[in-house]
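What follows is one structure encoded as structure tokens, with my remarks underneath.
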Ligand SMILES: [Zn+2]
């Protein structure tokens, strides 16, 4: 049998995760980020295309007053980017038809189920057209390492996934809308973003495998994304750590982002699930490793170097 994860080791890792998440969530930067997320949230696909046709390098767009609320202002002489503002039927005094550019954002999401009566032209500005206080950085920083450990782990995770009957495919990041990967239970497919660093890719594949082995996305099951994401990312953290890859730069911020104010509490709640899923993935990987070693030993009399265990 493969290596057994020691409960004390996992406990220590979970404590690190909990502390990391709680440090992020109690920082000023975090509060600024929450505010920015609320102001800069998604536009409809049609409007995104419309914005890009006028401002191809746009990344973060918001209306005039939303920028002010983020302590930034539109620079003199910058032309607004036109978007279509859906105007919805009047319902009640608290749900009035609004038409200023800045009300586009809430209108598009909160009233998406109602049909707009008509559209009018509104204006937004990309953040490069604004100046003022810097935008808060997202606490989940992409892993940029290309460690030998990660490359070995990645190959073995792919084999473990295939052995489980899952398809692992790579897609252009633009098709993933900012995600690094996802798992689709109905088609038993894991999609990974192309051209990410090996550390990031190995961690993401662990994360998606954890969604699979934790039973997430079962048809008809009630979903709690905060719990599911903490389970998947926590598992990836433990597995990667076991194979000598430190994912804390990404993991702590990711879990903080999904778990809202409840971060550390949620990490405590999902600890047992993380331990189980991490053990499953490690067993599968070790099994592959043992088989590879057997094959290599048959092929060559030289001793095979111990792989992927460095800490
Ligand atoms: Zn996920």
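Packing around the peptides 80-86, 145-151, taken as the average count of other Cβ atoms within 10 Å per residue, puts them in this order, highest first: 80-86, 145-151. Can you work out the PRE-style zone for residue 12? Point 7 Å along Cα to Cβ, and I want the residues of segment 123-166 with backbone N under 18 Å. Once the point is set 7 Å along Cα→Cβ of residue 12, nothing inside segment 123-166 turns out to lie under 18 Å by backbone N. Taking the DSSP beta bridges with both ends in segment 140-299, the antiparallel portion is around 45 percent.
Between residue 222 and residue 90, full extension at 0.36 nm per residue minus the direct alpha carbon distance yields a gain of 44.2 nm.
Placing a pseudo-label 7 Å from each Cα along the Cα-to-Cβ vector at residue 35 and residue 142 gives an inter-label distance of 2.8 nm.
Taking other C-beta atoms within 10 angstrom as a stand-in for reagent exposure, 174, 248 fall in the order 174, 248, fewest first. Note on segment 122-205: antiparallel DSSP beta bridges, both residues inside, total approximately 45 percent of the bridges counted. When 186, 247 are sorted by how many other C-beta atoms sit within 10 angstrom of their C-beta, beginning with the fewest, the order is 186, 247.
Every read-out reported here was derived from the displayed coordinates using simple, explicitly stated rules and does not represent laboratory data. Not measured: the values here are computed from a predicted model. Methodologically, a virtual Cβ is constructed for each residue, glycine included, from the backbone with ideal geometry; neighbour enumeration extends over all protein chains shown.
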